[in-house]
Structure formats: structure tokens, C-alpha cells
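Report on the structure given below.
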Amino acid sequence: MEPLNRQKMWAVLLPAMFLPGIAALGYFVWLGDSPLAQLLYGTIKVFTLIWPIIATIFILKRPIRIKLKPYKKHLKSVPLGLMVGVPIIATIGLLMITPVGDIVREAAPMVKKKSNDLGIINHFILFGACISIFHSLLEEYYWRWFVYGNLREVVSIKMAHFLAAFTFTLHHVVVMLQFFELPWALFFSASVGIGGFFWSLLYQRQKTLIGAWVSHALVDAALMSVGYYMIVY
């Protein structure tokens, strides 16, 4: 393995940390209902898949070693993932029966419009399932394994947790601002950041993404259920 080169590390981390947020500005704000919005959305998802591989192998010049742990070790990470995910789901459910739920429901017309712009409104259940299962895994691989995993080599562990969670939150801020006033957009986005912080803690403690993925998938499923409710009702 090549010795740590801080300049190279930041060269691969900075695009990883900020491009998703910039892309969100493109497909949610600048491009509106243009077909280019769908293209940009797909492109940034491909980027999150391939950039960690390209950056690790060709820029950092490190091998990607896949250590297959016994499945029982992965299963052992699930209960703690549930302990993080289930309270978040319960909080989402409770908030929906408070005045916060009214704020969320007021955004329903805008959610419908953006879902139509992105071409997902007629396939929202399938879209929600893909987001909950596959996209959550993609984000754990990208934000926890790659971004957080490399940040902890150039900053302290605490700062790595913070920076990974903060930059994970940025593209959610862009999204939330399309549907909610600034204070609520920041509140909901900060909640996402707290989730990201706990998921990187899980990854650091468990040395596997499975616990964080289970937690993330459950939370995304709850959020997609809220989104479906807003579109249908």
C-alpha cells in the first residue's frame, strides 16, 4: 500500500464530499423539469458508485481488499442497527401526528411536481423500494466506507464523524429547501445529519456496513412511505 499522501487524499475526498450537493442543486433547482435533470440525477448516482473505486485504485493506488467475514459476524451487527433505526422510525411516525406533520403535508403538491419532473411519480413504490434497499447500501458504501473511512486518516476520529455527517447532509439541505421553509429544511436536514453521524459510529464500532445499512434502509423505507402518502393523499 502506498504511504499516506494527504494532498492525494484531499484530492479524492473533496469531490466526494461536495459534488453530490452541487449535483442536487442542478437536478432539483437549476434544471427544473428539463430531461437533463433526470440525466444529472442518474449521473451523480453512477459517480457515487464508481468514484470510490477509481479514486482508491488509480489515485490513492491502494488495493481494494474484500475480507469476507463469517455471516454470523455480520448478523451480530443487525441488533444494534435496529436499536438505532427503530427509534428514528418511531420519531418520524410521532412527528406525523403533531403539527410538524401538517408542515410536511403542506409540501405534498411540490413533492408530486418534483416526482413528476424526475419521472418517478408513476413508479413511486418501486422507486421507494430501490431507495430503501439499494440506494441506502450505495450511500453507506460511499459516505461511511469511502468518505468517513478516508477522512479518519487525515483528521481526528471525532472530526471525521462530523465532516462525513455534515457533507452527507448538504445535498439533503438542497432537497429539503425545495419543499420547506428554511427553518424546517434545516431541521429535517440536521435530522439526516444526526442519522449519518450514528451510522458512521456503527461502522467504526462494528467494522461492517451491515448494521448501518439495516438502520439506514429502515429509515429510508419510513421516509418513502411518508412520500407515498403525500403523493396519493
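Read the figures in this text as sums done on the coordinates, not as results from a lab. Nothing here was measured: the structure is a model prediction, and the numbers come from that model. Neighbour counts run over all protein chains shown; Cβ positions are idealised from the backbone, glycine included.
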**Q.** Shape call, the stretch 3-119: gyration tensor on alpha carbons, a/c limit 1.5
**A.** oblate
Q.
Net charge within 13 Å of SER215 by Cβ-Cβ distance, Lys/Arg positive one each and Asp/Glu negative one each, not counting SER215 itself?
A. -1
Q) So, in the chain, how many Lys pairs have Cα atoms under 12 Å apart, if the pair is 8 or more places apart or on different chains? A) 5
Q: Pull out the extension gain between LEU138 and LYS72, defined as 0.36 nm times the separation in residues minus the alpha carbon to alpha carbon distance; nm, one decimal.
A: 21.5 nm
Q | Footprinting exposure proxy for VAL175, VAL100, VAL232 (fewest neighbouring C-beta atoms within 10 Å first) | A | VAL232, VAL100, VAL175
Q: Output the Kirkwood hydrodynamic radius of the stretch 127-188, Cα pairs only, in Å rounded to one decimal.
A: 12.9 Å
Q. By what distance, in whole Å, do the Cα atoms of the stretch 145-233 stretch along each of the three principal axes, largest value first?
A. 46, 27, 16
Q) Measuring from the lowest to the highest alpha carbon on each principal axis, how far does the stretch 77-190 reach, largest first, in angstroms? A) 44, 29, 29
Q. Among the helices of the chain (complete DSSP H runs), which have Cα atoms covering no less than 18 Å along the helix axis and a Kyte-Doolittle mean of at least -0.5?
A. 6-25, 35-54, 78-95, 157-177, 182-206, 210-232
(Q) Using only DSSP helix segments of four residues or longer, with each worth -39500 (n - 2.57), what per-residue ellipticity at 222 nm results for the chain after dividing by its residue count and rounding to 500? (A) -23000 deg cm²/dmol
Q | Residue among VAL155, VAL214, VAL192 with the largest mean-square fluctuation in a Gaussian network model of the chain, springs linking Cα atoms under 10 Å | A | VAL155
